[in-house]
Each structure stands twice: as C-alpha cells, then as structure tokens.
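Here is the structure we will look at, set down as structure tokens.
The values are calculated or read from the model by the stated rules, or taken from the named source; none is laboratory data. Everything numeric in this text was worked out from a predicted model, so none of it was measured. Reconstructed Cβ throughout: ideal geometry from the backbone, glycine too, with neighbour counts over all protein chains shown.
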Amino acid sequence: MLPMVALVGRPNVGKSTLFNAFTRTRDALVHDEPGVTRDRHYGICRLDEERPFVLVDTGGMAGEDEGLSGATQRQARAGAEEADVILFVVDGREGPAGLDHEILSWLRRIDKPVLLVINKTDGVNEENALADFASFGLSDVIAVSASHRRGLDDVLDAVMERLPEEGLAAEMEHDPERIRVAFVGRPNVGKSTLVNRLLGEERMIASEVPGTTRDSIAVDLDRDGEKYRLIDTAGIRRRARVEDAVEKFSVIKTLQSIAISQVSVVMLDATEGVTDQDSTVLGAVLEAGRALVVAVNKWDGLSTYQREQTQAMLSRKFTFVQWAEVVFISAKHGSGLAELYRAIHRAHASATRKFTTAEVTRAVEMAYAAFPPPVVRGHAAKLRFAHPGGDNPPTFIVHGSRIKTLSDSYRRYLENFFRKRFKLVGTPVRFEFREGD
Ligand code: GDP
Ligand code: GDP
C-alpha cells in the first residue's frame, strides 16, 4: 500500500548512509529509548510528509563481498524486483567497478525505473564523476554526497516523480469518518483470530476491500454506531484460504499497515512474553507516530502466577511507552474486547484532538513557571509561546531562546506535563523547538 523504493549497489558505495539519511526521523528521542529496536533494512522515508514510502536497503540483505550469486543475493534481487523505483548507488570516487556492470545488466532485465545515484562526490570533480558513468547509458543520474547530505533533495524529487500516485493518499481518503486500526505483531500472536472475532461478533461488514497494490487487506466494520476500518497484515485473507503454510513475517507489510492506520494495535502472545520481534514492531509504531494500544492475547489458559509474571515483564520492558494502554484479551474466547475498543477510542481521541494556540501557550507558560530549565554554563533556556503543529501524533511547536541547551530530561518533563494537562493517552506526542519567534 505504501510505495516501495530499493537501494541497490555493491558493498561500500554508501547505501546504508543513504538509508539512514532518508529514514532518519526528527524524533531522535525515540531511538535513544532502551527497548526500541529498529530494523536496519526497512524504513519509512517521511521527508515528504504527504507521500511516505518504504525504503529497502537490499545491500543489508546481501552478504558482504559476495558476488552476485548465492541465496542472499537472490533475496536482494527479490526485494528490488518488488520495488516501484530503484536507486542504483555507485561510488563517484572509485568510478565504475566490475560488480557495478553486473548489477547494471541485471537491472536492464527487470523493467523498473532506475535512478543512478553517484555518491561520494564531495571533494571530487562532479563533471568527471558523471562522465565516468556515462557509458552506463542511464538517463536519470544524480550526483550526491550522502555523508554530507548533499543532493538528497534532488534524489527525493526524482523519486517522487516516479512513484505511483495511488496508495496512501487514496487509502486515507477512503472514508475519513472511519477509525483506521491496524493489527500488527509477529506470526501466531492471534491477529487473524482477533480480526475475525471482531467481524464475526457483529456481522455488519460493510465491504471487503482488497489492498490496492499489496497483500494487506482492510475491512470495514460498523459497531455501536462507530465506524472502523480494520487493517490486518495477513489474517483476513487467510480466512478464505485453506490452511496455509506458516506465513512469512513481512516487515514491509507491517510497516505499510502501520502507516495507513491511525491507531496500531500491537499484539503480543501472553504465553511467549515479549520478544525482540515484538519490540521491533513497537518501535515501528513509535517511529510512525501512530497511536498505540498493546493487546496481550491468549490471556485465557494462563495461571494466576503466569499472569503476574507477564505483567511484571511488561512493566519492565515497556517503560518507554508508559503512556500506552495495555489490554489483556482472548481473541479465541472473545474476552477483553470491550476494553480493547475503549482503549482504541481513547487513543484515537487523544491522537486527533485539536488544540488552540492559546491553550498550548498557556500549558508551556505553566510548565515553565513550575519548573524553569536549569542554568547551563551561565545561561538558561527560555520558553515563550507555542502553537499546535498537527495531529496523529499531536505535535507542539515551542518557541523560545537558547533552545539548544534544553536537556532531554527537560523535554520529557514538558511532554509529561502536556500529557497530564490534556489527558493524552495512547499516543506519542511530539515537540519541535524553535529559536526566537
Ligand atoms: P554500503 O555498504 O553501501 O551500505 O556503504 P556504507 O553506507 O556503509 O558506506 C561505506 C563507507 O563510505 C563508509 O565509511 C561511509 O562513511 C562512506 N561514505 C558514505 N557516503 C559517503 C559520501 O557521500 N562521501 C564520502 N566521502 N564517504 C561516504
Ligand atoms: P496470526 O498469525 O497473528 O494471524 O495468528 P492466528 O490468528 O493465526 O493465531 C495463531 C494461533 O493462536 C492459532 O492456533 C489460534 O487458534 C491461536 N490463538 C489465537 N488467539 C488465541 C487466544 O486468545 N487464546 C489461545 N489459547 N489461542 C489463541
């Protein structure tokens, strides 16, 4: 559902540097929190807020210093073949290498828009670098320096021109009144059981709409006068199929489902505790800025002791999402579902709440008066006023002076102050600080 762009190229040309530059979020805090793990090979580029896309670093999947053979390379190729646009990265200092030619001839066979990105052109003659690769016969060529973040806007513009139009925007416009809820989690946590249960409970399915370009499927559900659009990475479709082999966990599908949702329900399996894969999924939700509900499934059949163990583990591992509501459910027996719906609504209401400049400024003034930023090297930051900067997640733009000296702990204080004052639950909150007016 989100378009996909693949980075292709031999080792050491700068693919991961480009990957990081494109997928880096402004919300650096998220990554510093313990417990958040990131997938290094897939990320979402949001430099253009309106048109995010999935970026895949195929080099990460390929073994270092391997030729274009072997299973790992086949995987890289499969990744690239699924992409809407391919960024073919080469090294502008070293010029064309043998492996570049191999990649080129393979790219010619798969008929995809290819952009030749000549990297590391810092400190070299750009004209020469371009001339070196003229023999490749590619018409779309951009010289960049990934490590200096130069030329990245040109790459972004060129990608945007080539991305398919439909996708996210169309999905968002589908029916603005519906709460878009994604159910994500690793295989076997019970996603499809839950979604089928939610649907079966009501038998009021308005429509069953296949995902536009990829496998994720959305289903509309009306319940108690509320409208939902349930987005499931695999489950709904599986219902219609004869028992399938274990479905491969698809990071891309998960990222896509999260991206088109307003609220993401991250499902865990109570009988297995919290795994690294669970943390990766959770990290993806935070990075996307989506509202979050944690649903601990398979709560049936656990002894009191096991339940206590699980709860202790959750509070230990999820300190960084203390604002998220955790509900304990049994998809199989249908218990805890009312609580799940309530948590989804609270998260959605918080995530989409509208703020006025006056109330936001007032909150900053109060937080500042109660606890002004400490003096750092003889100076203290001052916070003056604020205004709302968007929703889902709620974003606040705070103006002041000596903003650079604001510590992370002060930023967290401000966030907690806002959470309390505006009763924000179940959603990340973002702050942008600006120097001056
Ligand atoms: P990958 O193997 O293709 O993912 O390449 P990396 O992103 O790991 O980069 C390989 C090396 O090239 C690293 O040491 C980077 O710091 C360096 N590098 C990446 N981009 C640039 C650039 O634009 N200019 C220069 N001079 N070095 C770069
Ligand atoms: P998915 O891969 O996340 O869609 O997981 P499924 O919905 O296919 O469920 C995986 C397995 O867990 C199936 O055997 C389900 O019957 C079982 N399961 C799902 N929900 C529950 C539950 O609430 N309790 C128990 N005990 N088993 C469940």
Fill in the blank from the handout: The strands (runs of 3 or more DSSP E) lying wholly within segment 306-406 that contain at least 2 residues that are closer than 23 Å to Arg229 by Cβ are 325-328
Exercise for the section: From Asp244, Asp220, Asp269, grab the single residue that is at pLDDT 65 or above, touching a helix residue (DSSP H, G or I) at 6+ places or on another chain (Cβ under 9 Å) and away from ligand 1 (no atom under 16 Å from the Cβ). Expected result: Asp269
Completion exercise
Residues in segment 101-130 that are among the β-branched types (Val, Ile, Thr) and either at positive phi or away from ligand 1 (no atom under 14 Å from the Cβ) (or both) total 2
Fill in the blank from the handout: Taking segment 332-357 and keeping residues surrounded by 15 or more Cβ atoms within 10 Å (Cβ to Cβ), modelled with pLDDT of 95 or more and either in contact with a His (Cβ under 8 Å, 6 or more places away or on another chain) or farther than 23 Å from Asp391 by Cβ (or both) leaves Gly336, Leu337, Glu339
Practice task
Return the only residue of Arg362, Arg402, Arg421 being touching a helix residue (DSSP H, G or I) at 6+ places or on another chain (Cβ under 7 Å) and either more than 30 Å from Leu194 (Cβ to Cβ) or modelled with pLDDT of 95 or more (or both).
Solution key: Arg421
Exercise for the section: Give me the pairs, please: first residue somewhere in segment 140-161 and at positive phi, second residue anywhere and at pLDDT 95 or above, beta-carbon distance under 7 Å, and either six or more positions apart or on two chains. Expected result: Gly151/Ile142; Gly151/Ala143; Gly151/Val144; Gly151/Ser145
Problem - Some residue of segment 147-164 being basic (Lys, Arg), surrounded by fewer than 20 Cβ atoms within 10 Å (Cβ to Cβ), in contact with a Pro (Cβ under 8 Å, 6 or more places away or on another chain) and at pLDDT below 90 - result: yes
Exercise for the section: Evaluate the following for Val281: is it out of contact with any Cys (no Cβ under 7 Å at 6 or more places or on another chain) and either modelled with pLDDT of 90 or more or in a loop (DSSP other than H, G, I, E, B) (or both)? Expected result: no
